[in-house]
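Okay, structure first, notes after.
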Amino acid sequence: MIRAMKIVKGLTPEAQDPAGPGGDSPTMRLFSLLEVMAAKDQRYSLQGLVEETGLPKPTLHRMLQQLEGAGLLQREGDGRHYGIGTRLRRLAENLLLNDSLHGARHTVLRQLVEEIGESCNLTALSGSEVVYLDRVETAAPLRFYLHSGSRVPVHCSASGKIFLSQMSAAQRRRLLSHAPLETYTPRTLTDPEALEKEVQRVRKDGYAIDHEEFLPGLLCIATLVPSGDDAPSNLCIAVQAPVMRLDAAKAKTLLPALQRAAQALSRIDADAASDRVDHAQA
């Protein structure tokens, strides 16, 4: 039987060790295949996975059927390529929502809200949407209530435009081809060329503004939480407020505070990663 380590090119030594927890069990082989597919921003065909993993085509076909049946993978529209399924994506989101870093991150958000007096949230990209990982509301009586787990469209949210700005043009086209540019307000950008121009501006400036593009009367400014290793980040921090209290000019004056919070969040993630390495080496 082909061992699980044969299909984990580029994975960590711990993941490749068939003597580790689970060993060479069918479950661990399926898990290793998911790791291979999640490691790159691409859709795999059966033949592509044969070339990537070295496993026989009948074996891979059977594994893909199992993962698809469980909702962990899904077949693309052409019927030939596979991508991450809804169930696996939800699992990743729940891990982000409930991980041990939540308390430390929440403290940073709370301190930012105390400093600037407006609601702040931490977001991540999930498919063609932005999901709220955490949020702290302002004490001001007039505010928009959006709870953790809320989802907003990628094309008309400040965080979404930040995430789009990290992608290549080809990645953006692929993502947006499966997410129609729906109109939410008269300010929503629904023309692909106009959105691309806006994304290029965001890429240059390092921040994004949603000026009533998703909800009438709401303005949002967002910036990335640096990943620390020059890799694309999947965390964004944002400030939201009614337009009667916050216009675009005033929002830009909040950028230094927002960027300080982003750096604090980046340090929390870096310290956690360092702790995991130390624990693994102990």
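Things worth noting here:
- Selection within the range 9-46 - at pLDDT 70 or above, in a loop (DSSP other than H, G, I, E, B) and within 15 Å of T59 (Cβ to Cβ): S25
- Of the residues L142, L125, L109, L146, the single one that is under 15 Å from L254 (Cβ atoms), of a type in the set (A, V, I, L, M, F, W, C) and either touching a residue at least 12 places away in the same chain (Cβ under 8 Å) or not assigned by TED's automatic domain parsing to the domain that holds I209 (or both) is L109.
- Only listed residue being in contact (Cβ under 8 Å) with a residue 12 or more places away in the chain and touching a Leu at 6+ places or on another chain (Cβ under 7 Å), chosen from T188, T223: T223
- Conditions (1) at pLDDT below 95; (2) surrounded by 14 or more Cβ atoms within 10 Å (Cβ to Cβ); (3) farther than 23 Å from H102 by Cα: number failed by S266: (3)
- Residue check, A238 buried (at least 16 other Cβ atoms within 10 Å of the Cβ), of a type in the set (A, V, I, L, M), assigned by TED's automatic domain parsing to the domain that holds P256 and in contact (Cβ under 8 Å) with a residue 60 or more places away in the chain: yes
- Listed conditions (1) within 18 Å of V130 (Cβ to Cβ); (2) of a type outside the set (K, R); (3) without any contact (Cβ under 8 Å) to a residue 40 or more places away in the chain are all met by Q259, apart from (1).
- Given (1) closer than 19 Å to V130 by Cβ; (2) in contact (Cβ under 8 Å) with a residue 40 or more places away in the chain, number of the condition L246 does not satisfy: (1)
- So T223, is it β-branched (V, I, T), outside any loop (DSSP other than H, G, I, E, B) and either under 17 Å from V152 (Cα atoms) or out of contact with any strand residue (DSSP E or B) (no Cβ under 7 Å at 6 or more places or on another chain) (or both): yes
- Whichever residue in the range 88-139 is small (G, A, S) and not in a loop (DSSP other than H, G, I, E, B) and, among such residues, is modelled with the lowest pLDDT: A92
- Among the numbered conditions (1) of a type in the set (D, E, K, R); (2) touching an Asp or Glu at 6+ places or on another chain (Cβ under 7 Å); (3) modelled with pLDDT under 85, the only one that K161 does not meet is (3).
The values are calculated or read from the model by the stated rules, or taken from the named source; none is laboratory data. None of these values were measured; they are calculated from a predicted model. Positions of Cβ are backbone-derived with ideal geometry, glycine not excepted, and every protein chain shown enters the neighbour counts.
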